[in-house]
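To keep things clear, I will list the structure first and then write my remarks on it.
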Amino acid sequence: MSDTVLNKPTVSASPHIRSSETSTGIMLDVIIALIPAFIAAICLFGPKSAAITAISIICCVLFEFISRKIMKRSNTLSDLSAIVTGILLAFNLPVSIPLWMIPIGAFFAIVVAKQFFGGIGQNFVNPALIGRIVLMVSFPGAMSSWTNALAWHRDDIDTVSSATPLATLSELFKSRTIDSIDASSLPALQSMFFGHRAGCLGEVCAIALILGGIYLIARRVISPAIPAVFIGTVAVFMFIASKGNIYFTLYELLSGGLLLGAIFMATDYATCPIRLKGKIIYAVGCGIITAAIRLFGSLPEGVSFSIIIMNILVPHIERLTAPRAFGEVKEKKSGSKEAKQA
Amino acid sequence: MRGNASGILHPVARGRGGVAVSHNKNTKDCEVVRMPAPQRVVLPMQQHIGAPCEPVVKVGDKVAVGQLIGDTDKFVSTPVHASISGTVISVAPEKIANGRVVPAVTIESDGEMRQFEGIEPPKVNNREDFLAAVRASGLVGLGGAGFPSHVKLNYPPEKNVDTLIINAAECEPYITVDYRECIDNSWDILTSIHLIKQYLGIKNVVIAVEDNKPEAVTELQKIANQKADTDNSVNVMVLPSRYPQGAEKVMVLSATGRKVPPGKLPADVGCVLMNVASTAFISRYLKTGRPLVSRSLTVDGSAIAQPKNVRVPIGTCIDDIIGFCGGFKAPPFKVIAGGPMMGISLVSTNVPILKNNNAILAFAEGSARIKPERDCIRCGHCSQACPMSLTPTNIMRYVKANDAEKLKKASVMVCMECGSCSYSCPAGKPLVQYMVLAKNIVREADSKK
């Protein structure tokens, strides 16, 4: 054999095969999972939902592109994460929002929360939620003027403002009249399930969000732990708070942004713990804070704040739940035992 | 540890992590063919973990197959024998697959493959004789590790080893030589098992096979039931096919439920692990006295014209073996000694096969997929894949910060470099390399103290 040195060998460290999964593929899965809720938003709130979503995506992508350029960093648009942030930000806005406010939210989401901290994977809080919260505290009026679902079909477009179910629930709880829930102005439970109620673009249609969640779990993009524990914790607290009123509990679960938050926002990789034990603690925390804000706070909704607060605690949760390596035994315990024996 | 009615054992515990690699056992039905003697062989004096051998022949010596050409009096080492008959043409350093240059003996063939006259079956009456015989045979772990078998079997009696695990998992993709060993030489495997049981006094034996090799399970079980096994102490265990099932610590956990602590050996939890091909060799050696001078390996991959399982004299040049398999049918983009998960990619194919090489894989452009590297998205797939419960993404961060303290706290020394983290990373991070760097940082910090 004559060949001594390979012609153009590729020499690299093992492993020489890689899974087919890519960051872009994961983000694409999230986008696919958000499509049912997007379709629901258009059906429920009209074509303006599509415009809001499009503007939000365009703003996020532009801000990502420009800020990376200015900071002399590589172009990361192809990982699709800016598009995911754009969709999620739009889903957290009411349909009546003046369009010029969207770039402000997108700026805080992409530039301040994400790129200032190093870009994808480095942000310590969920970018879309920061965008939403900035808009919420800056423009409380615009951010809490609700339009009834399907109002756009009738002539009275954009004029019917109504209280969200959450606000009604909060009033019922605070006035201790939970038992009169049937007589209240709440939509029927089925309407809640299909999204026929007032609320943000992407949060109203429970069935669409659940479909997306099932897709993400089936594709192993997210683990079911965070959504299940988050929603479960809220359910337990609401059940106890309402002294066992199952209707009140169900309304609480289907209202506000709980499903959107638990399935799509709390599960953001960069801002949730990596391991199962940490995920459970994190999700319980989200649930408790959400329930506390909803029941006792002055705001009707607490999902955004609960996720942001738990995002900040993630490094501590990770440290407390750091796993032991294979075969390692707890040092403290054996040490104290030995000390006792000595 | 008793088998159930069908005699098949199920794993006692399930390890965490691991990855589902595609198996690609294309050569599983290729019986091992013997390659004719090459023109020359290069026999490095270190083909094992431990001390290198000293050459005991000089240039111009005539040697025959099985003749001792290198030995040492160090314990953790194993002798080297001539794999072809002919003349010693050089005793000088040569390059081996991992790029290192090591002392070696080069033999030019006389084409006769004459057996060495002094070969006779060793006389074995007790444990000491048995271990001496295993050492004299030149046997090392044939599954890839290359650890001297006599050292592994010579565990201190106070370790109370009660379980012998025969590792036939073969969890690396493509490789099928251990599978062929199970199908073709199952009697040798069982004979060896009873010899080891007899001389070392080990009670239970588990032959561990992944569930993607049902034929091997059937064959081994047939033999296990036939062979004089009155107390039903030899059983076949079927393990889930999940890489790295064949890794020592993972295998011990699956087979016995015991966890080998960091820095310890399986013997510390009462287990001895032997590769299935190494095991089969022991009984052949005790019967014939012919030392380890050839081995089987899988030659496969998209660039190989005729994928095969071949038995080659140790020290055969990889070029010659690829030539025997029809050469390259496409320009080789990457050639690997070993499996695709842990093998070494070669700069040159002009290097000899060592005792522990179990495969040569050559891939054409495109089939050796490498993802572009992107930023970590903290998805945690690496930590889910790690069979040792490490968090590679954090370790990567600590390496970048050169933080030895944090690396030590993260128990990075437990890493066995199986490659599951790099394999699963959607951002294409070379995580195993960071793990290797991390270990170096910890070692350096320790040596400074």
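Descriptive notes on the structure:
- Any chance residue B:42 is in contact (Cβ under 8 Å) with a residue 40 or more places away in the chain, surrounded by 18 or more Cβ atoms within 10 Å (Cβ to Cβ), in the same structural domain as residue B:180 (by TED's automatic domain parsing) and not basic (Lys, Arg): no
- Only residues that are within 19 Å of residue A:148 (Cβ to Cβ) and among the basic types (Lys, Arg) were counted in the stretch A:197-254, giving 1.
Residues are listed down the side, and each one gets a yes or a no for (1) open to solvent by 10 Å² or more (accessible area, probe 1.4 Å); (2) over 16 Å from the mean Cα position of the chain (by Cα):
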position: A:65; (1), (2): yes, yes
position: A:72; (1), (2): yes, yes
position: A:84; (1), (2): yes, no
position: A:89; (1), (2): no, no
position: A:97; (1), (2): no, yes
position: A:100; (1), (2): yes, yes
position: A:103; (1), (2): yes, yes
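- A single member of A:128, A:109, A:149 is modelled with pLDDT under 80 and under 23 Å from the mean Cα position of the chain (by Cα), and it is A:149.
- Of all residues making up the stretch B:322-342, the number that are in a loop (DSSP other than H, G, I, E, B) and either more than 30 Å from residue B:20 (Cβ to Cβ) or in contact (Cβ under 8 Å) with a residue 40 or more places away in the chain (or both): 8
- Note on the stretch B:71-110: residues that are open to solvent by less than 10 Å² (accessible area, probe 1.4 Å), farther than 22 Å from residue B:358 by Cβ and touching an Asp or Glu at 6+ places or on another chain (Cβ under 8 Å) total 4.
- Members of the stretch B:172-193 found to be open to solvent by 20 Å² or more (accessible area, probe 1.4 Å) and touching a Gly at 6+ places or on another chain (Cβ under 7 Å), listed by number: B:172, B:174
- Residues that are of a type in the set (S, T, N, Q), facing chain A (nearest Cβ under 7 Å) and part of a loop (DSSP other than H, G, I, E, B) within the stretch B:343-358 comprise B:349, B:350, listed in sequence order.
- Whichever residue in the stretch B:239-259 is surrounded by fewer than 20 Cβ atoms within 10 Å (Cβ to Cβ) and touching a residue at least 12 places away in the same chain (Cβ under 8 Å) and, among such residues, is farthest from the other protein chains (Cβ to nearest Cβ): B:240
- Being surrounded by fewer than 16 Cβ atoms within 10 Å (Cβ to Cβ) and within 13 Å of chain A (Cβ to nearest Cβ) holds for only one residue in B:409, B:449, B:429, and it is B:409.
- Unmet criterion (only one of (1) under 18 Å from the mean Cα position of the chain (by Cα); (2) over 20 Å from residue B:159 (Cβ atoms)) for residue B:226: (1)
- Once the stretch B:368-406 is narrowed to residues that are more than 8 Å from chain A (Cβ to nearest Cβ) and among the charged types (D, E, K, R), the residue that is nearest to residue A:20 (Cα to Cα) is B:373.
- Only residues that are in contact with a Lys or Arg (Cβ under 7 Å, 6 or more places away or on another chain) and closer than 25 Å to residue B:108 by Cβ were counted across the stretch B:299-311, and they come to 2.
- So residue A:257, is it within 21 Å of residue A:94 (Cβ to Cβ), crowded, with 19+ Cβ neighbours inside 10 Å and either modelled with pLDDT under 95 or away from chain B (no Cβ under 14 Å) (or both): yes
The values are calculated or read from the model by the stated rules, or taken from the named source; none is laboratory data. Source: prediction; values computed, not measured. Virtual Cβ from ideal backbone geometry, glycine too; neighbours counted across all protein chains shown. SASA here: full protein model, heavy atoms, side chains in, ligands and nucleic acids out. Shrake-Rupley method; radii C 1.70, N 1.55, O 1.52, S 1.80 Å.
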